[in-house]
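See below for the structure under consideration.
The values are calculated or read from the model by the stated rules, or taken from the named source; none is laboratory data. Fair warning: this is a prediction, and the values are worked out from it, not measured in the lab. Backbone-built Cβ (ideal geometry, glycine too); neighbour counts: all protein chains shown. Remember, those area values only see protein heavy atoms, side chains included, never the ligands or the DNA or RNA. Shrake-Rupley method; radii C 1.70, N 1.55, O 1.52, S 1.80 Å.
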Amino acid sequence: MKKTLFILIVLFCFLIIGYKLFFYLDHQSEIREKSKHKEITRLTTGELNLIREGDFILRKGFGFFSDFISKNLNDSIIDVTHAGIIIKERDSLFVIHSLSSDVSDIDGVQIQSLDTFLSYSAPNKIIITRAKNCDTICGKNIAERAQFYLEKEIPFDHNGNYDDDDELYCTEMIWNILEKDLKTTTIPTDPEARKDFFFSMIPMYDTTYFDIIINQYESVNTK
């Protein structure tokens, strides 16, 4: 019995070490790629002028984990892996989003300047969307709810409990605002359909729910 318990403890320790090592190596890969592309402009002046407060920004990140998400949570040439909400402070644009402490110094909802957020995006891999029928008041309401979650210091949802508001991952926060807080969007309620919906990036650029303001994938593929 003691031998079995010892083996289980050792295996558990190896699993934890392996998990931490994977994300450490992934973060190092992300840093290298970020540095390699630091001189590349992600959004042109014309694209920046199209953005409004309350818009959603989708990006394709760097690293092994982002590559996994890009291949498994999309089903087309679009391979975005992360999403955030654009807000405006003192005439500057920022992004509120949620990241795990495995890839960030902060676990959960946090804020970055738009430039910093963009620096972690692969070039020509950005989409900006806006909720359907969303005017400037709607956009302001979305931004205010994002700031609410930021001020509450909501932690990252490591378990993927998408109907539990105490922890939120990136797209979960967006759908929580649109469906539950502002009640401006209706999404699937059937358990299986809802699970598929939340564990996918595809709904984030589905024109059923959003207007596409900027689609760099489209621009690249029409050149």
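When the Kirkwood radius is taken over all Cα pairs of the stretch 77-120, what Stokes-Einstein diffusion coefficient follows at 4 °C and 1.567 mPa s, in µm²/s?
Value of D from the Cα-based Kirkwood radius: 115 µm²/s.
Mind checking Rg over Rh on the stretch 103-166, alpha carbons, Kirkwood formula for Rh? Display every interim value, and only then the final one.
Working: Rg = 14.1 Å, Rh = 14.2 Å.
Radius of gyration relative to Kirkwood radius: 0.99.
Could you compute the FRET efficiency for residue 49 and residue 202, with r as their C-beta to C-beta distance and R0 at 30 Å, rounded to 0.05?
Computed FRET efficiency for residue 49 and residue 202 comes out at 0.60.
At 0.36 nm per residue, minus the direct Cα-Cα distance, what do residue 40 and residue 152 gain on full extension? Give it in nm, one decimal, please.
On the way: separation 112, 0.36 × 112 = 40.32 nm, distance 3.45 nm.
Here the answer is 36.9 nm.
Mind checking which aspartates and glutamates have their C-alpha under 18 Å from residue 88, skipping anything on the same chain fewer than 8 residues away?
47, 53, 55, 115, 135, 144, 151
Here is the link list: 60/195; 38/125; 71/183. Which ones come out longer than 25 Å on Cα distance?
71/183
Roughly how many Å² is the accessible area per residue of the stretch 34-137, as a whole number, for a 1.4 Å probe?
Each residue of the stretch 34-137 exposes 48 Å² on average to a 1.4 Å probe.
Keeping the other protein chains in place, figure out the carbon and sulfur percent of the accessible area of the stretch 83-222, with a 1.4 Å probe.
The computed percentage sits at 45.
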